[in-house]
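Input: a single structure, listed below in structure tokens.
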Amino acid sequence: MERTNSRRSLIATLPLGIGLMAAVDEVVFHQILRWHHFFDWSTPAFGIVSDGILHTMELMLFILGAFLVAEVRRVLVPRAAWAGLFLGMGGFQVFDGVIDHKVLRLHQIRQVENLWLYDTVWIAAGVALLLVGFGLARRA
Amino acid sequence: MTVLLFTLLPLAVLAAYLLAARRDGGWSAGRSASFAAGILLIVVAMLPSVQHWAHHDLRGHMIQHLMLGMFAPLALMLGAPGTLLLRSVSVGAARRLVALLALPPVRVLIHPITAALLDIGAMYVLYLTPLYGVMAHDPVLHVLLHVHFVLAGYLFSWSIAGPDPAPYRPGLRMRLTVLFAATAAHAVLGKVMYGFAYPRNTGVPIEGLRSAAQWMYYGGDLAEACLAVAFFAIWFRQRHRNAAGLVPA
């Protein structure tokens, strides 16, 4: 029973973590710094459309996560819930850094010479978040 | 015409609703409050002072549009007037009303995709084509567009998350997909208006256009977030029922 509650707590906060990191990416890098858009195929129109989709995804994930948390609130295992949040954040960050940036080449973090440094920091930050998540999950 | 359509008619509908709710006895006060709030939003959005503001300032128009096209329909829909109507009339009449929904043209009309096109699609047409300029000088068209957005907004929010019986409504996955696409399309429209200065040829200075587009972006987002909450509430209620074994999964 305890294991099921841990698993449910972790799954409940996973979408919150993904949505939170995507929101940080959208707000900080797309809108404030304007380093890149989700699709940087050099037309502003494409950037606007892809960011609109990213934004909607965050919104839906937040609401879905809120409902999942409300559902397990009576049996919530706090440590597992934190683990889910960190795993979601780290998972999005690593996915964005490896798949979106490097494999699919949808966009780069910033159009600069020493891009590898940006990539390293980006992916390392994601891995660090994932490690925190795994650590919490193991102890939950 | 405006007073009749946007003040007397809504208030008459509200009176009929409250009367039916009282006769019903067990009707939820929350539903009544939501429906009353929706009617109030329509009446306030069409007050002469708001009308005046909307006519002179694109921001006023946008706030009026948000009230009429997004928040009022959402509140009305959550008031479940369809359920109340079916409970108030005879069984035969209720059956005939539900049978209306089975007619092929009605089924096409109330499909979430059609509803989204009528609602969000019409906004693209209004703001990105010269229609906005034409509307500003044509009072009849202006009123018709307001009516259109109230009805299309209601149809859309009901097709996604309406509490009323909807026997031919597509499944949750399809509705979530349409809600997702419509929310993204709305956000994109707000940004296009902001970035490319739409609607064109209105004589509105660029700052005015931009702040109106921002109102549309954030206001529309809030309304769609509320709709998504209503949608997920239905989804999770169904999950619980399925888990409890009350309804076959």
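The numbers here are math on the coordinates, done by the rules we state, and not lab data. Everything quoted here is computed from the prediction, not taken from an experiment. Don't worry about glycine lacking a Cβ; one is built from the backbone with ideal geometry, like all the others, and counts go over all protein chains shown.
Going toward the positive end of the dipole of the stretch B:2-244, with +1 on Lys and Arg Cβ and -1 on Asp and Glu Cβ, which of B:SER34, B:LEU66, B:LEU11 do you reach last?
The residue sitting farthest along the positive end of the dipole is B:SER34.
Roughly how crowded by other chains is peptide B:172-182, in terms of the mean Cβ count from those chains within 10 Å of each of its Cβ atoms?
Whole-number average of other-chain Cβ neighbours for B:172-182 is 1.
What size of dipole, in debye to the nearest 20, comes out for the protein assembly as shown about its Cα centre when the only charges are +1 on Lys and Arg C-beta atoms and -1 on Asp and Glu C-beta atoms?
So the dipole magnitude of the protein assembly as shown works out to roughly 1540 debye.
Starting from the eigenvalues of the Cα gyration tensor, five times each then square-rooted, give me the equivalent ellipsoid semi-axes of chain B, largest first, whole Å.
33, 22, 16
Using the Kyte-Doolittle scale, find the helices of chain B whose mean hydropathy is at least 0.5 and whose Cα atoms extend 27 Å or more along the helix's long axis, counting only whole DSSP H runs.
Helices passing the filter in chain B: B:139-161, B:172-196.
Beta carbons within 10 angstrom, averaged per residue: use that to sort the peptides A:124-135, B:110-121, B:94-105, highest first.
Those peptides, ordered most packed to least, come out B:110-121, A:124-135, B:94-105.
In the stretch B:1-45, which residues have a backbone nitrogen under 11 Å from the label point lying 7 Å from B:VAL91's Cα in the Cα-to-Cβ direction?
Under cut-off, by backbone N: nothing.
Which FRET efficiency value, to the nearest 0.05, do you get for B:THR7 and B:ASP57 by plugging their Cβ-Cβ distance into 1/(1 + (r/R0)^6) with R0 = 25 Å?
The calculated FRET efficiency here is 0.70.
Can you compute the helix-only [θ] at 222 nm over the protein assembly as shown? Use -39500 (n - 2.57) per DSSP H run of at least 4 residues, normalise by all residues, nearest 500 deg cm²/dmol.
Theoretical 222 nm ellipticity from helices: -24000 deg cm²/dmol.
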